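Peer 1: Provided herewith is a single structure, encoded as structure tokens, for subsequent inquiry.
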Amino acid sequence: MKSFKNNLIWILFMVFIIGTLVMLLTTGPDPLAPPPQYSAIVEPAAPTAEQPKSESRLKRASRSNQLRRLALVQTREGNLDRALELHRQSLALETDLKNSAGMAIQHDHMANLFIAKGDGTRACGTWIMALSALGPAPKTSRFSLKNPHAGERLRARVLKSYKENACPQ
């Protein structure tokens, strides 16, 4: 009986070793490939390998939304200059993405910050930029399953703010 226990331990050990070897051989690096220190000599690196990849559109849009949320938090805390800077950074990302609604939203938030700071003329100019980012009003209502009439609501919000603050026509 004692010899069977010794053999069982030996068999389990060998199964473990063989399993480890199989795993390493199937998932490890190619055994026929040259070591990494020599591969640079054989094949020079591509020139694009040095340049970092640019962020995807989705990551830039997410970053813009994150900056917008941070700016709103800064506004609530009363740090208007920092909020304005964050909105400008988000506006730069939205401009890169060519997102007219995002640009208009950023301009609207910035105009509200200018009003809070007491600079009505800059706020009026910023609302004009928001309206120009949205472009002319469509003749017919655009249909969207995702968010119907979002552009029209945004345009109405900007126009309402523009008129409430007695901006010159």
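The values are calculated or read from the model by the stated rules, or taken from the named source; none is laboratory data. All figures in this text were calculated on a predicted structure; none of them were measured in a lab. Cβ: placed from backbone, ideal geometry, glycine included. Neighbour counts: every protein chain shown.
Peer 1: Go through region 77-108 and report how many residues are within 18 Å of A123 (Cα to Cα) and among the charged types (D, E, K, R).
Peer 2: 5
Peer 1: Based on this model, can you work out whether A111 counts as in contact (Cβ under 8 Å) with a residue 40 or more places away in the chain, under 14 Å from A133 (Cβ atoms), out of contact with any His (no Cβ under 9 Å at 6 or more places or on another chain) and crowded, with 18+ Cβ neighbours inside 10 Å? Please lay out each step first, then the result.
Peer 2: On the way: in contact (Cβ under 8 Å) with a residue 40 or more places away in the chain: yes; under 14 Å from A133 (Cβ atoms): yes; out of contact with any His (no Cβ under 9 Å at 6 or more places or on another chain): yes; crowded, with 18+ Cβ neighbours inside 10 Å: yes.
Considered against the rule, which asks whether it is in contact (Cβ under 8 Å) with a residue 40 or more places away in the chain, under 14 Å from A133 (Cβ atoms), out of contact with any His (no Cβ under 9 Å at 6 or more places or on another chain) and crowded, with 18+ Cβ neighbours inside 10 Å, A111 comes out as yes.
Peer 1: Please verify whether region 69-87 includes one or more residues that are at pLDDT 65 or above, under 21 Å from I115 (Cβ atoms), small (G, A, S) and touching a helix residue (DSSP H, G or I) at 6+ places or on another chain (Cβ under 9 Å). Even if it seems obvious, please write down each step before you answer.
Peer 2: Here is the first cut: in region 69-87, the residues at pLDDT 65 or above are 69-87.
Adding the requirement that they be under 21 Å from I115 (Cβ atoms) leaves 69-87.
So of that shortlist, the ones also small (G, A, S) come out as 71, 78, 83.
With touching a helix residue (DSSP H, G or I) at 6+ places or on another chain (Cβ under 9 Å) added as a condition, the list becomes 71, 83.
Checked against the condition, which is being at pLDDT 65 or above, under 21 Å from I115 (Cβ atoms), small (G, A, S) and touching a helix residue (DSSP H, G or I) at 6+ places or on another chain (Cβ under 9 Å), region 69-87 yields at least one hit.
Peer 1: Of the residues that make up region 157-168, is at least one surrounded by 13 or more Cβ atoms within 10 Å (Cβ to Cβ), within 23 Å of the chain's Cα centre (by Cα) and assigned to a helix (DSSP H, G or I)?
Peer 2: From region 157-168, those surrounded by 13 or more Cβ atoms within 10 Å (Cβ to Cβ) are 157-159, 161-162, 165, 167; that's our starting set.
Among the residues that remain, those that are also within 23 Å of the chain's Cα centre (by Cα) are: none.
No, there is no match, as no residue in region 157-168 is surrounded by 13 or more Cβ atoms within 10 Å (Cβ to Cβ), within 23 Å of the chain's Cα centre (by Cα) and assigned to a helix (DSSP H, G or I).
Peer 1: For a quick check of your reading of the model, give me the residue pairs whose first member lies in region 119-134 and is at pLDDT 90 or above, whose second is part of a helix (DSSP H, G or I) and among the charged types (D, E, K, R), with beta-carbon atoms closer than 6 Å and at least 6 apart or on different chains.
Peer 2: Pairs that qualify, where the first residue is at pLDDT 90 or above and the partner is part of a helix (DSSP H, G or I) and among the charged types (D, E, K, R), are A130/D108.
Peer 1: Further question on the same structure: Which members of region 45-68 meet the condition of being small (G, A, S) and either modelled with pLDDT of 85 or more or in a loop (DSSP other than H, G, I, E, B) (or both)? Break it down into steps so the answer makes sense when it comes.
Peer 2: If we filter region 45-68 for residues that are small (G, A, S), which is where we start, we get 45-46, 49, 54, 56, 61-62, 64.
A45, A46, S54, S56, A61, S62, S64, listed by residue number.
Peer 1: Now a separate question. What single numbered condition from (1) assigned to a helix (DSSP H, G or I); (2) surrounded by fewer than 19 Cβ atoms within 10 Å (Cβ to Cβ); (3) touching a residue at least 40 places away in the same chain (Cβ under 8 Å) fails to hold for A92?
Peer 2: (3)
Residue by residue, here is whether (1) within 24 Å of the chain's Cα centre (by Cα); (2) more than 18 Å from V158 (Cα to Cα) holds:
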{"position": "V73", "(1), (2)": "yes, yes"}
{"position": "R82", "(1), (2)": "yes, yes"}
{"position": "L91", "(1), (2)": "yes, no"}
{"position": "S100", "(1), (2)": "yes, no"}
{"position": "F114", "(1), (2)": "no, no"}
{"position": "W127", "(1), (2)": "no, no"}
{"position": "K139", "(1), (2)": "no, yes"}
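Peer 1: Which condition does P35 not pass, out of (1) surrounded by 10 or more Cβ atoms within 10 Å (Cβ to Cβ); (2) at pLDDT below 75, if it passes all the others?
Peer 2: Answer for P35: the failing condition is (1).
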